[in-house]
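Following: one structure in structure tokens, then a few remarks.
The values are calculated or read from the model by the stated rules, or taken from the named source; none is laboratory data. As the structure is a computational prediction, the values presented were derived from the model and not from experiment. All Cβ positions, even for glycine, are placed from backbone atoms using ideal geometry, and neighbour counts span all protein chains on display. Protein only, heavy atoms only, side chains kept; ligands, DNA and RNA dropped before computing areas. Shrake-Rupley method; radii C 1.70, N 1.55, O 1.52, S 1.80 Å.
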Amino acid sequence: MNMLRLAISIVSASAIAYEILLMRLYSIVQWHHFAFMIISIALLGYGASGTFLAFARTWLVDRFYNAWRINAVLFSISAYGGFAFAQRLGFNPFEITWEPSQLLLLSAAYVLLLVPFFFAANCIGLAFTRFGDRIGGIYAADLTGAGLGALAAVLVMMVMPAERGLNIVLGAGFFAAGIAVLNKRVLLWVGLALVVGLLAPASWVAPQLSEYKGLRAALFAPGAHVVAERHSPLGRMTVVDSPRVPFRIAPGLSFASPHIPPEQLGLFIDGEGPHAINRFDGDLSQIAHLDYTTEAAPYHAQSPGRVLILGVSAGAGVLLARYHHAPQVDAVEANPFLADLLQKQFADYSGNIFSQPPVAFHIGETRTFVAASREQYDLIHIPLSASSGGSIMGGLSETYVYTTEAFVSYLDHLTKAGILSITREVKNPPRDALKLTATAIDALTTGGNEDPAPNLVLIRGWQTYTLLVKNEPFTEGEISNLRRFMAERSFDAGYYPGMVRTSANQYNLLEAPYFYDGAIALLGPDRQRTMARYKFNLEPATDNRPYFNNFFKWSSLPEQTSAHRTSGYPLVERGYVILVATLVQATLVALVLILAPLHMLRRATGPVVNGERTRTVVYFLALGLSFLFIEIVFIQRFMLFLGHPLYAISVTLASFLIFAGAGAAASSTAFRFAKRYLRLSPMLWIVAGIAAIALCYLFILPSLFETLLPLPVPIKAIASAVLIAPLAFLMGMPFPIGLASLSERTPALVPWAWGINGCASVVSPIIASLLSIHLGFDAVIGLAIGFYVLAALAWRPLDAAKEV
């Protein structure tokens, strides 16, 4: 039995590693929203497994070890082959609205990627069905393996391309099949695992980029070729040289610019871009074109002494500071793999700009660095490159860079006359710039400024805009300097103190001065009414709802859909729509999978007592929703604390799963203890403990994170694991206790319960994301507690049940 548990851990580790690798690979091949949708549906293989086992339980249990090995091997083969075939289908998300065949290709991708999770879930579900008296240990092996697999996937992507990680998954299934039972053939299975894992051709799973990705288009240019490529969990970085058709990368460069960019290399991240790596040898005239972008505005308002650049990327912001002779520059980059690439391989090409005075280069996340800093800056600059990590399919990913709390922190680190400067891409109709303006207004009023109008300037070019914010009003001299800057470069004033409407919309013409009108409305007394009536969501993002890139409003959907049919994509917020479409698809498939076995189960179980089937549905559905609600929210919460999504996912997910596995292993002992010494149903005291800890964290985590934020990442990782441990430990108990009790009373329902929980676990992250967008993380935690209480009420008191 111990070897079987180890084999289960290996399969579970491989399955979650496969999921993480798929997300990484599909972010390269397609875009992250479609990656989320495709893989979310594919995970319904866990639900399909429960349905299948409900029908085939008796036949499979009689042939348990052979069936288990076959499923483990089929998991490995289908994991490797599924991705290889899925990306060769030719699915193109841009054609899905007018080409019906794309829906068939999407469905085929779902099936190909669903199959591996189906076989992996069969391995676990079969064990639950066969060994009903050892469910706690089996579930512990499942969760612990999953936790270790999440860590392993991240580590693998640090040392090799994600597609090579599929070779490890391929070999792991064969290895698990071999060790499930110790016999003379174990060495044969182990050797087969090594041979299969090592010899599977890498070309079969090499990512094939969409033709709409920037990298694919760039390589079509004559003579264009890749000069460097780095793989990491944070993205695949590709550097391209195009000597015959040179890159001319200067986002938002004024049409009035007399300067052209120097020789450049194109930097692509996950195939998107390019960002410019400028050749620089110290001659400032080479980078004079940067002074004709909206990002240069704060350097013309005043001559800053100490500059902080948050989000270095390829280094354009650093070059701009060098061009304006900033005497002291702190440059911060969150991606250590990108920083290593630029500081080493392309240091000479770019003039060693990150390692020479006056630049001090730092690896760190924006909010973490600012919180830990005791410096005051004349200019805090968040360049355009810092906002370009999202997908061109529209962004819903959480970002803590543009929340109200972030703005307050930035403003606190400015000198008395210092400027906060943020540059982003113009979106028409206006929404991005207005939402950023609303966030700045919210931050200023939060800090006690009752009249923020004199503290803001908005400058618009044809492609980019720059928002300038101060703690004190802009001086007449600064406004005069900025007006001259705009006039010389044909940039439009979106807003500045004292501006009149006729001064707007002079160069990059729109039908009306929308940016000025929007800014004036937001600065007026009816700001809340303005945001409520506007066609896009302009509510400032907060740390509780850090979705700055969500502009979607249900009330505007009919108009947006109509405009989509006539003018393409400018109005439809596709990221949100895709999220909703994923939920609809997942819910429909989940309902089919849950309801399909009902007729057979009625015949197998007969007239079960007191609505056993109904309680089974409610109990395991509620557990699947509540567990993932809390897990997803904690990952997002700890993202700010740990300083990077990579750390948050690896530390938080692994901690939850491993400590929940420990709770599952202890569930039998906990059940007996509660039954003997406590005057409550065991399920009630477990749920009471979960609710108490979760509610406590709602109140103490924000202030605790604020206090601990400046600490080094290793110490914060340990603190995170310690905080998660008691909550996760208790969260690991209800499922094995309930499933073991069900196995004793009505064993025919065990596979069905496993499938119900699997379906809920797939749907719950999608629901949690949507609820977080609209209600915030705190509300999702509250709902999770409610679902745990519902589970406790749905399951009848276990006093009469046998020991687990």
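How big is the accessible area of residue 614 in square angstrom, nearest 10, if you roll a 1.4 angstrom probe over the protein chains?
90
Using protein chains only and a probe of 1.4 angstrom, how many square angstrom of residue 761 are accessible, to the nearest 10?
Its heavy atoms expose roughly 40 Å² to the probe.
Is the C-alpha gyration tensor of region 713-780 telling us rounded, prolate or oblate? Criteria: a/c under 1.5 is rounded; beyond that, a/b larger than b/c is prolate, otherwise oblate.
oblate
Would you mind checking which residues have amide H under 5 Å from residue 419's amide H? H placed 1.01 Å from N; only 5 or more apart, or other chain.
Those qualifying (amide H under 5 Å, at least 5 residues apart or on another chain) are 379, 380.
Please compute the length gained on full extension between residue 779 and residue 490, using 0.36 nm multiplied by the number of residues separating them and subtracting their Cα-Cα distance.
Using 0.36 nm per residue and subtracting the Cα-Cα distance, I get 99.4 nm.
Please list 3, 157 in order of solvent-accessible area, largest first, computed with a 1.4 Å probe with all protein chains present.
3, 157
If you fit an axis through the alpha-carbon atoms of helix 32-42 and take the longest principal axis of the Cα set of the chain, what angle between them do you get, 0 to 90°, nearest 10?
Long axis of 32-42 versus the principal axis of the chain: about 10 degrees.
Can you give the angle from 0 to 90° between the axis of helix 476-489 and the longest principal axis of the chain, with both taken from C-alpha atoms, to the nearest 10?
Tilt relative to the chain: about 80 degrees.
Work out the FRET efficiency for residue 587 and residue 340 from their Cβ-Cβ distance, taking R0 = 41 Å, and round it to the nearest 0.05.
0.40
If Lys and Arg each add +1 and Asp and Glu each add -1, what is the summed charge of the other residues whose beta carbon sits under 15 Å from the beta carbon of residue 482?
Neighbour charge sum, excluding residue 482 itself: -1.
Return the subset of 427/470; 213/470; 213/553 for which the Cα-Cα distance in this structure is over 32 Å, preserving the input order.
Correct reply: 213/470.
What is the extension gain from residue 372 to residue 92, computed as 0.36 nm multiplied by their sequence separation minus the C-alpha to C-alpha distance, in nm to one decimal?
Extra length from residue 372 to residue 92 when fully extended: 96.4 nm.
In percent, how large is the relative contact order of region 282-405, given Cα pairs closer than 8 Å and 6 or more residues apart?
With pairs under 8 Å counted, the relative contact order is 31 percent.
Relative to the first principal axis of the alpha-carbon coordinates of the chain, what is the inclination of helix 135-159, with its axis defined by its Cα atoms, in degrees from 0 to 90 and to the nearest 10?
With both axes taken from Cα atoms, the answer is about 30 degrees.
Which Cα, out of 92, 305, 788, lies furthest along the positive dipole direction of the chain (beta carbon charges, K/R +1, D/E -1)?
Farthest towards the positive end: 788.
Would you mind working out the magnitude of the charge dipole of the chain relative to its Cα centre, with +1 at each Lys and Arg C-beta and -1 at each Asp and Glu C-beta, to the nearest 20 Debye?
2760
Calculated FRET efficiency, residue 480 and residue 450, Cβ-Cβ r, R0 30 Å, to nearest 0.05?
0.70
With θ taken as phi - 60° and the coefficients 6.51, -1.76 and 1.60, list the Karplus ³J(HN,Hα) couplings across region 243-257 in order, rounded to whole Hz; mark glycine and proline as x.
x, 7, 10, x, 5, 10, 9, 7, x, x, 4, 4, 5, 8, 5
Would you please give the residues with an amide H less than 5 Å from that of residue 542, counting only those at least 5 places away or on a separate chain, with H modeled from the backbone geometry?
Counting only residues 5 or more places away or on other chains, the set is 404, 547.
For the pair residue 225 and residue 500, what calculated FRET efficiency results from E = 1/(1 + (r/R0)^6), where r is the Cβ-Cβ distance and R0 = 45 Å, to the nearest 0.05?
Rounded to the nearest 0.05, the efficiency is 0.30.
Run the numbers for residue 203 and residue 427: contour at 0.36 nm per residue of separation, minus the present Cα-Cα distance, in nm.
76.7 nm
For a quick check of understanding: with a 1.4 angstrom probe and all protein chains in place, what accessible area in square angstrom does residue 216 have, to the nearest ten?
Around 90 Å² of this residue is reachable by solvent.
Where does the chain land at 222 nm, in deg cm²/dmol rounded to the nearest 500, when only DSSP H runs of n ≥ 4 count, each adding -39500 (n - 2.57), divided by all residues?
Computed ellipticity for the chain at 222 nm equals -18500 deg cm²/dmol.
Taking all protein chains together and a probe of 1.4 Å, list 425, 375, 450, 333 from the most accessible to the least accessible.
So, going from the largest accessible area down, we get 450, 425, 375, 333.
With point charges of +1 on the Cβ of Lys and Arg and -1 on the Cβ of Asp and Glu, referenced to the Cα centre of the chain, which listed residue (358, 458, 121) lies farthest in the positive direction of the dipole?
The residue sitting most towards the positive pole is 121.
With θ taken as phi - 60° and the coefficients 6.51, -1.76 and 1.60, list the Karplus ³J(HN,Hα) couplings across region 730-737 in order, rounded to whole Hz; mark glycine and proline as x.
5, 5, x, 8, x, 5, x, 5
Which one, 167, 727, 760, projects farthest toward the positive side of the charge dipole computed for the chain from Cβ point charges (K/R +1, D/E -1)?
Result: 760.
Counting only protein chains, not ligands or nucleic acids, how are 362, 381, 225 ordered by accessible area (probe 1.4 Å), most first?
225, 362, 381
Under a Cβ-only charge scheme (Lys and Arg +1, Asp and Glu -1), can you give me the dipole magnitude of region 414-533 about the Cα centre, in debye to the nearest 20?
Magnitude of the dipole: close to 240 debye.
Distance between Cα centroids, region 269-298 to region 197-223: provide it in whole Å.
Region 269-298 and region 197-223 have Cα centres spaced 28 Å from each other.
Calculate how many DSSP beta bridges within the chain are antiparallel, expressed in % of all such bridges and rounded to the nearest 5.
Just about 60 percent of them are antiparallel.
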